[in-house]
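Reading through the structure tokens given below for one structure.
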Ligand SMILES: [Ca+2]
């Protein structure tokens, strides 16, 4: 038996290597679905005891699943890392608002690289990497742009980050290739329908990237009543029912999309990748897959994400336990597309191509470090004061975390192999591990610090998306809009939320 097993192993190695070689430059259509504020635990395939997600479960069942895959603790940071192959701070992104969500103009994007390789590129939903025209996806490699403004539909912040006025999750005004269109329907349905229409219109033989990024299930929990009704009475409170209803609606849309690919006859030419963009939010009270932390924290529960890669006939369903993350997305898709990276792109990308792991879940994968940092320090303070506040660095086995530090760290160490739930600080027992990971963290900060180009950025008085809308349809800012865009009032609200709410209620 032993010799048969050994000879099978000898056979398997060259097969896996040749499978990777076959995937490289295979140029599939790529559909990327990234949901907003859905946690790793908000999927029934991951063990959620209440939520039913049959179509996401199908992507899980039929795909390659990365089981230790990490994104950033919040929205815009993750999206920038996916598009550039490097940590968000190197893209200038240290927040989700206040001009600090804008993707540095000098960065090369995945959409640009794929377009240069002959792909057609479209985005449908949330962008969240800059609302001023110079930052739009149409200037960052996307042929087709169908997006809402800000980090969420209807949001208004001081400066550039803000959506069209009066928008809600129902019938939102959407920016379509530079002009607003007044849509009809629920936002997630609208984004998927538009994406499917665009996909159906693509010429056969020209591959495409469709980036579908619903704003759901991000708060405010504006949900179709029939979707909320699916969970009313099954969960302890109305908000969870709304939140699960929003996820169920996403799942329905994924089902429609998969059926459409079949109808169009492109199911086997299309790689569908599914992820969520940060740790859990509205669902963690029900199920957080045993993890510590959620969105906005540097713990495992703040960054672990679903990462399903389904390509029928080409990728064999499997779990891949290798430590991987959002920074690997760019080099992976570039390799699949057969894109040539120029020197600038090669220097920019810190991630690694996952193609060897897509071909063989046990492929050689040297250990590495991944960093998470929540950012979000107050405007006007030095980032260096926040270097060790809500930051972490990990390799496959260990995670080093500093929650309450500032200019100096307060390191805690966790042995993820024995304690993935991060219950026990073992720093005192492993000073060598602490020192080694801390050195890597410091090197990462030193490399990132000069690239934080949005610190101290000048802000416009009015949200550019709103101005554009008023130019197109008439009207102007209400007093409420002006209050929300007032940086002084905003800062007051940040410092003293209760007092600001009282004042606003007067
Ligand atoms: Ca998010």
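The values are calculated or read from the model by the stated rules, or taken from the named source; none is laboratory data. As the structure is a computational prediction, the values presented were derived from the model and not from experiment. Cβ atoms come from the backbone with ideal geometry, glycine included; neighbour counts cover every protein chain shown.
Applying the condition of being part of a strand (DSSP E or B) and within 19 Å of the chain's Cα centre (by Cα) to segment 108-123 and asking which residue is surrounded by the most Cβ atoms within 10 Å (Cβ to Cβ) yields 123.
Conditions (1) buried (at least 16 other Cβ atoms within 10 Å of the Cβ); (2) within 27 Å of residue 173 (Cα to Cα); (3) in contact with a helix residue (DSSP H, G or I) (Cβ under 8 Å, 6 or more places away or on another chain), marked per residue:
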{"site": "439", "(1), (2), (3)": "no, no, no"}
{"site": "447", "(1), (2), (3)": "no, no, yes"}
{"site": "461", "(1), (2), (3)": "no, yes, no"}
{"site": "464", "(1), (2), (3)": "yes, yes, yes"}
{"site": "474", "(1), (2), (3)": "no, yes, no"}
{"site": "480", "(1), (2), (3)": "no, yes, no"}
{"site": "486", "(1), (2), (3)": "no, yes, no"}
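For segment 242-282, which residues satisfy the criterion of being more than 17 Å from residue 56 (Cα to Cα) and surrounded by fewer than 23 Cβ atoms within 10 Å (Cβ to Cβ)? Hits for segment 242-282 are 263, 264, 265, 266, 268, 269, 281.
A single entry from 70, 87 fulfils the requirement of being touching a helix residue (DSSP H, G or I) at 6+ places or on another chain (Cβ under 7 Å), within 16 Å of the ligand (Cβ to nearest atom) and within 30 Å of residue 389 (Cβ to Cβ): 70. One residue alone among 400, 462, 437, 416 is closer than 30 Å to residue 146 by Cβ and modelled with pLDDT of 95 or more, and that residue is 462. Tell me, yes or no, whether segment 317-327 has at least one residue that is away from the ligand (no atom under 16 Å from the Cβ), touching a helix residue (DSSP H, G or I) at 6+ places or on another chain (Cβ under 8 Å) and under 30 Å from residue 450 (Cα atoms). Scanning segment 317-327, I find at least one residue that is away from the ligand (no atom under 16 Å from the Cβ), touching a helix residue (DSSP H, G or I) at 6+ places or on another chain (Cβ under 8 Å) and under 30 Å from residue 450 (Cα atoms), so the answer is yes. Counting only helices (runs of 4 or more DSSP H) that fall entirely inside segment 160-275 and contain at least 1 residues that are in the same structural domain as residue 316 (by TED's automatic domain parsing) and in contact with a strand residue (DSSP E or B) (Cβ under 8 Å, 6 or more places away or on another chain), the qualifying elements are 187-200, 238-264. If the condition is being buried (at least 21 other Cβ atoms within 10 Å of the Cβ) and assigned to a strand (DSSP E or B), then segment 283-332 contributes 304, 307, 308, 309, 310, 320, 324, 325.
Name the one entry in 296, 301, 279, 313 that is more than 30 Å from residue 185 (Cα to Cα), within 15 Å of the ligand (Cβ to nearest atom), modelled with pLDDT of 95 or more and touching a helix residue (DSSP H, G or I) at 6+ places or on another chain (Cβ under 7 Å). Don't jump to the end; show me each part of the working.
On the way: 301 fails: touching a helix residue (DSSP H, G or I) at 6+ places or on another chain (Cβ under 7 Å); 279 fails: more than 30 Å from residue 185 (Cα to Cα); 313 fails: within 15 Å of the ligand (Cβ to nearest atom).
Only one candidate passes the filter, namely 296.
Can you work out which of the residues in segment 1-50 that are within 30 Å of residue 81 (Cβ to Cβ), part of a helix (DSSP H, G or I) and not assigned by TED's automatic domain parsing to the domain that holds residue 142 is modelled with the highest pLDDT? That would be 23.
For segment 284-301, indicate whether the set of residues that are over 23 Å from residue 32 (Cα atoms) and free of Cβ contacts under 8 Å to residues at least 60 places away in the same chain is non-empty. Taking every residue of segment 284-301 in turn, at least one turns out to be over 23 Å from residue 32 (Cα atoms) and free of Cβ contacts under 8 Å to residues at least 60 places away in the same chain.
Restricting to segment 492-506, what's the tally of residues that are crowded, with 16+ Cβ neighbours inside 10 Å and modelled with pLDDT of 85 or more? Explain how you work it out, then say what you get.
Within segment 492-506, the subset crowded, with 16+ Cβ neighbours inside 10 Å is 493, 500.
Now drop any that are not modelled with pLDDT of 85 or more, which leaves 493.
So the count comes out to 1.
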